Amino acid sequence: MIRLQSLSKKYPDGIQAVNNLSLEVKEGEICILIGPSGCGKTTTLMMINRLIKNTSGDVFIKGKSINGLNSSQLRRNIGYVIQEIALFPHLTVEENIQIVPELKGWSKEKKEKRVFELLNLIGMDPEIYKDKYPYELSGGQKQRIGVARGMGGNPPIMLMDEPFGSIDPITRSRLQDEFLSIQEQVKKTIIFVTHDINEALKMGDKLAIMREGELVQFASPREILSQPANSFVEDFIGTDRSLKWLRLVRVEEYMIKNIEVATCEESSQKILQKMDQMQRDDLMIVDNNNRLKGYILRKDISEKNKQSINNIIRPFRENVERKTTILDAFIRLTTTDADFLPVLDNNLRVEGLITGEILNKQMNKTYQIEENGGANDNE
Ligand code: ADP
Ligand code: MG
């Protein structure tokens with residue numbers, strides 16, 4: 001979708017801000033440009049929508065060089081969220097968001113509909129906010145409007161320069177979550193600048209790590225963590241690589257999926273049979289809608305309670321979802337007395353389970369990666 005080919009920028013004063021940068025962003029992906037201040041991130045972004053003219057190399061969008069495109073066309077198809085959020089102070093929220101739709105010559109109805117859509121998308125009630133001026137908004141709200149304005153004309157491509165830069169950590173983390181769930185619906189192709197490695201690992205499909213205008217590594221968050229290209233990248237990631245790894249990997253990858261469950265009506269014989277089948281000493285008990293009631297341990301089944309298993313069902317104090325990180329799953333497991341946790345969907349139906357043994361293996365694997373400087377994770 002977007003291809004940078006040996007892209008370079010030398011400013012008139014001789015500073016080589018970007019040097020020979022090549023990378024490709026696929027449709028629907030978030031590519032993060034990350035690196036220390038002054039490494040050329042903003043310059044790169046502005047060369048993509050030609051706000052800055054490159055000195056050599058080229059940028060291709062869907063295979064066409066941007067030099068062949070007319071500049072206003074180019075900017076209407078690329079949403080741009082600038083570093084220091086700059087809403088026009090004399091325009092209302094609605095008017096700010098309508099800037100590009102206005103340029104595109106949309107009808108009044110279409111423009112108004114778009115404002116409603118976008119305000120709803122970013123979780124700000126249009127009735128309350130559309131007529132407010134920027135000075136009436138909090139920092140976080142202004143950032144959101146900045147993002148909405150970037151998306152105003154529904155561009156397939158978004159360039160975002162530290163969009164959550166000046167927001168406090170808690171609001172920021174919420175905005176990141178919101179943004180990711182919006183992206184799941186809208187699937188834009190995004191180049192996103194940040195200098196925050198945690199933000200990069202969380203948001204990016206790919207990370208382009210830059211240093212002094214040059215690309216040091218271009219890879220997925222996992223590859224970066226497990227196989228940093230050099231000591232600069234290692235230093236940049238920091239010393240808590242294993243922790244970062246555990247925050248990246250989700251339960252769904254390692255959970256046991258095809259598990260047997262039972263209802264309370266089933267005989268203890270049948271239940272023992274199912275445990276044997278799975279080679280486990282426990283079994284989850286569900287109601288008729290497959291909603292979790294608890295679990296039974298083999299050792300609790302005796303002659304005495306053969307008739308009714310109701311009395312020996314143990315409750316779970318914790319559960320996880322597919323998208324729970326391995327780190328959170330581990331923390332939750334340590335607060336219970338079970339040695340496994342149920343994986344539930346949002347209707348509390350059982351989707352599988354994850355065991356302490358599996359989680360432990362992941363933790364150990366991580367330390368191995370740390371020690372070997374890049375063991376592969378494909379086993
Ligand atoms: P980043 O966004 O990664 O912090 P920039 O792209 O803003 O980095 O800047 C890269 C380098 O280019 C820096 O050394 C900066 O001082 C320099 N630079 C940026 N803009 C200009 C300009 N208009 N004229 C001269 N040098 C510039
Ligand atoms: Mg910058």
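The number of residues in segment 11-28 that are under 22 Å from GLN73 (Cα atoms) and either near ligand 1 (Cβ under 7 Å from one of its atoms) or assigned to a loop (DSSP other than H, G, I, E, B) (or both) comes to 3.
Looking only at segment 200-219, filter to residues that are open to solvent by 20 Å² or more (accessible area, probe 1.4 Å) and over 22 Å from VAL18 (Cα atoms); which one of those is modelled with the lowest pLDDT? Here the answer is LYS202.
Just to be sure, is LEU225 away from ligand 2 (no atom under 16 Å from the Cβ), part of a helix (DSSP H, G or I) and surrounded by 19 or more Cβ atoms within 10 Å (Cβ to Cβ)? So LEU225 passes the test. Per the listing THR189, THR194, the residue uniquely modelled with pLDDT of 90 or more and out of contact with any helix residue (DSSP H, G or I) (no Cβ under 9 Å at 6 or more places or on another chain) is THR189. I'm trying to understand the selection: among the residues of segment 61-88, which are over 17 Å from MET151 (Cβ atoms), open to solvent by 40 Å² or more (accessible area, probe 1.4 Å) and away from ligand 1 (no atom under 16 Å from the Cβ)? Matches in segment 61-88: LYS62, GLY63, LYS64, ASN67, GLY68, LEU69, ASN70, SER71, SER72, GLN73. Against the test of being touching a Phe, Trp or Tyr at 6+ places or on another chain (Cβ under 9 Å), open to solvent by 60 Å² or more (accessible area, probe 1.4 Å) and of a type outside the set (Lys, Arg), the options LEU119, LEU33, LEU51, LEU91 yield a single qualifying residue, LEU51. Just one of (1) buried (at least 19 other Cβ atoms within 10 Å of the Cβ); (2) free of Cβ contacts under 8 Å to residues at least 40 places away in the same chain fails for TYR295. It is (2).
Note on segment 29-50: residues that are more than 9 Å from ligand 1 (Cβ to nearest atom) and in a loop (DSSP other than H, G, I, E, B) amount to 3. Scan segment 271-292 for residues that are open to solvent by less than 60 Å² (accessible area, probe 1.4 Å), closer than 18 Å to GLY356 by Cβ and not charged (D, E, K, R) and the total you get is 4.
Kindly evaluate LEU137 against the criterion of being of a type outside the set (D, E, K, R), crowded, with 20+ Cβ neighbours inside 10 Å and under 28 Å from ASN198 (Cβ atoms). So LEU137 does not fit the description; no. Pairing each residue of segment 159-177 that is within 13 Å of ARG144 (Cα to Cα) with any residue that is among the aliphatic types (A, V, I, L, M) and within 16 Å of ligand 2 (Cβ to nearest atom), provided the two are 6+ apart or on different chains, yields C-beta distances under 6 Å for MET160/VAL81; GLU162/VAL193; PRO163/VAL81. Away from ligand 2 (no atom under 16 Å from the Cβ) and open to solvent by less than 50 Å² (accessible area, probe 1.4 Å): does that describe PHE236? Considered against the rule, which asks whether it is away from ligand 2 (no atom under 16 Å from the Cβ) and open to solvent by less than 50 Å² (accessible area, probe 1.4 Å), PHE236 comes out as yes. Of all residue pairs spaced 6 or more apart or on separate chains, none has beta-carbon atoms under 7 Å together with a first member in segment 38-55 that is farther than 19 Å from SER71 by Cβ and a second member that is part of a helix (DSSP H, G or I). Please verify whether LEU4 is touching a strand residue (DSSP E or B) at 6+ places or on another chain (Cβ under 7 Å), within 16 Å of ligand 2 (Cβ to nearest atom) and at pLDDT 95 or above, treating the condition exactly as stated. Answer is no for this residue.
The values are calculated or read from the model by the stated rules, or taken from the named source; none is laboratory data. Given the structure is predicted, the values throughout are model-derived calculations rather than measurements. No Cβ is skipped: glycine too gets one built from the backbone with ideal geometry, and neighbour counts run over all protein chains shown. For the accessible areas, the whole protein counts, side chains as well, though only heavy atoms, and no ligand, DNA or RNA atoms are used. Shrake-Rupley method; radii C 1.70, N 1.55, O 1.52, S 1.80 Å.
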